[in-house]
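Q: Pasting a structure below so you can have a look.
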C-alpha cells in the first residue's frame, strides 16, 4: 500500500509543480515585460488563461502586478499542501499552511531564477551571440532585471562578467535566511 500511496503523492507533486511553474513563469514574464508574442510565452498563456481569465473577473491587477496570478499561485500551493497532508492522514491549520505555501512559492521563485541564470551563463559560454532563440530571449528578459544592477556594482574584470555569481550568492542567501525560517515557522504552525 505504501508504494501506491508514494506514487500517488509523487504524481500530485508533479502535476501541481508543473502548473504552479507555468503560472509563476507567466507572472515573472509579465513583471519582466518579456515578449508576449514569443512562442514559449504564448504556450504558457494558452495553458494558464482559463483559470486566470476567470479570476480576473474578481481580482484586478494593481501597480503592474497580476494579482489574479498571485491568488491562483497561492490557491494551487495551498491545495497541494492540503492534498498531500490528507494523503498522509492529517489536516494542517490554515495559518500554518498559508505560511508554508508562501515559503514554498518563494523557494520556487528563487529556484527559477537560479536555473535561469545558470542556463544563461552556460549559453553565453557555448554561443554568446545566440539571441535569436525564443527561449534565450525569455531567459535574457527574465534575468536581466537582476543582473543589470549587479553589473553596475561589479564591473567586468578582464572581460569576465561576475554579476551572475553575485546574484546567485544573494539568491542562495535568500533561501537560507528567508525561505528556510518561513518553512520552519509554517511547519511548526501546521
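Q: So is residue 87 surrounded by fewer than 16 Cβ atoms within 10 Å (Cβ to Cβ) and either in a loop (DSSP other than H, G, I, E, B) or without any contact (Cβ under 8 Å) to a residue 24 or more places away in the chain (or both) or not?
A: Working: surrounded by fewer than 16 Cβ atoms within 10 Å (Cβ to Cβ): yes; either in a loop (DSSP other than H, G, I, E, B) or without any contact (Cβ under 8 Å) to a residue 24 or more places away in the chain (or both): no.
No, not satisfied.
Q: Still on this structure: Looking at this structure, is residue 181 out of contact with any strand residue (DSSP E or B) (no Cβ under 9 Å at 6 or more places or on another chain) and either surrounded by 15 or more Cβ atoms within 10 Å (Cβ to Cβ) or in contact (Cβ under 8 Å) with a residue 12 or more places away in the chain (or both)?
A: Values: out of contact with any strand residue (DSSP E or B) (no Cβ under 9 Å at 6 or more places or on another chain): yes; either surrounded by 15 or more Cβ atoms within 10 Å (Cβ to Cβ) or in contact (Cβ under 8 Å) with a residue 12 or more places away in the chain (or both): no.
The answer is no for residue 181.
Q: Pull up the stretch 90-108, narrow it to residues that are over 13 Å from the mean Cα position of the chain (by Cα) and part of a helix (DSSP H, G or I), then point me to the one that is farthest from residue 183 (Cα to Cα).
A: Our first condition is that a residue be over 13 Å from the mean Cα position of the chain (by Cα); within the stretch 90-108, this holds for 90-100.
With the extra rule that they be part of a helix (DSSP H, G or I), the set shrinks to 94-100.
On the way: 94: 14, 95: 12, 96: 9, 97: 10, 98: 10, 99: 7, 100: 5 Å.
Of everything passing the filter in the stretch 90-108, 94 is farthest from residue 183 (Cα to Cα).
Q: Looking for whichever is within 15 Å of residue 29 (Cα to Cα) and either out of contact with any helix residue (DSSP H, G or I) (no Cβ under 8 Å at 6 or more places or on another chain) or touching a residue at least 12 places away in the same chain (Cβ under 8 Å) (or both) here; the options are 103, 116. Which one fits?
A: On the way: 103 fails: within 15 Å of residue 29 (Cα to Cα).
The match here is 116.
Q: Would you check if there is a residue in the stretch 38-48 being outside any helix (DSSP H, G or I) and surrounded by 17 or more Cβ atoms within 10 Å (Cβ to Cβ)? Walk me through how you get there before you give the answer.
A: Initial filter on the stretch 38-48 (outside any helix (DSSP H, G or I)): 38.
Then keep just the ones that are surrounded by 17 or more Cβ atoms within 10 Å (Cβ to Cβ); that gives 38.
Yes - at least one qualifying residue is present in the stretch 38-48.
Q: Test residue 152 against the criterion of being assigned to a helix (DSSP H, G or I), in contact with a helix residue (DSSP H, G or I) (Cβ under 6 Å, 6 or more places away or on another chain) and either surrounded by 16 or more Cβ atoms within 10 Å (Cβ to Cβ) or modelled with pLDDT under 95 (or both), and give yes or no. I'd like the intermediate steps shown before the answer.
A: Numbers: assigned to a helix (DSSP H, G or I): yes; in contact with a helix residue (DSSP H, G or I) (Cβ under 6 Å, 6 or more places away or on another chain): no; either surrounded by 16 or more Cβ atoms within 10 Å (Cβ to Cβ) or modelled with pLDDT under 95 (or both): yes.
Spelling it out, it is not the case that residue 152 is assigned to a helix (DSSP H, G or I), in contact with a helix residue (DSSP H, G or I) (Cβ under 6 Å, 6 or more places away or on another chain) and either surrounded by 16 or more Cβ atoms within 10 Å (Cβ to Cβ) or modelled with pLDDT under 95 (or both).
Q: Report yes if residue 82 is out of contact with any strand residue (DSSP E or B) (no Cβ under 9 Å at 6 or more places or on another chain), closer than 23 Å to residue 30 by Cβ and assigned to a helix (DSSP H, G or I), otherwise no. Can you show your working first?
A: Details: out of contact with any strand residue (DSSP E or B) (no Cβ under 9 Å at 6 or more places or on another chain): yes; closer than 23 Å to residue 30 by Cβ: no; assigned to a helix (DSSP H, G or I): yes.
Criteria not met by residue 82.
Q: Also, quick follow-up: Within the stretch 122-137, is there a residue that is surrounded by fewer than 16 Cβ atoms within 10 Å (Cβ to Cβ), touching a helix residue (DSSP H, G or I) at 6+ places or on another chain (Cβ under 8 Å) and assigned to a helix (DSSP H, G or I)?
A: yes
Q: Quick check: anything in the stretch 54-64 under 26 Å from residue 100 (Cβ atoms), within 15 Å of the chain's Cα centre (by Cα) and either assigned to a helix (DSSP H, G or I) or modelled with pLDDT under 95 (or both)?
A: no
Q: Separate question: Would you mind stating whether residue 34 is at negative phi, more than 13 Å from the chain's Cα centre (by Cα) and part of a helix (DSSP H, G or I)? Spell out how you get there, then give the answer.
A: On the way: at negative phi: yes; more than 13 Å from the chain's Cα centre (by Cα): yes; part of a helix (DSSP H, G or I): no.
No: the conditions fail for residue 34.
The values are calculated or read from the model by the stated rules, or taken from the named source; none is laboratory data. If you're wondering where the values come from, they're calculated on a predicted model, not measured in any experiment. Neighbour counts are summed over all protein chains in view; Cβ atoms, including those assigned to glycine, are modelled from backbone coordinates with ideal geometry.
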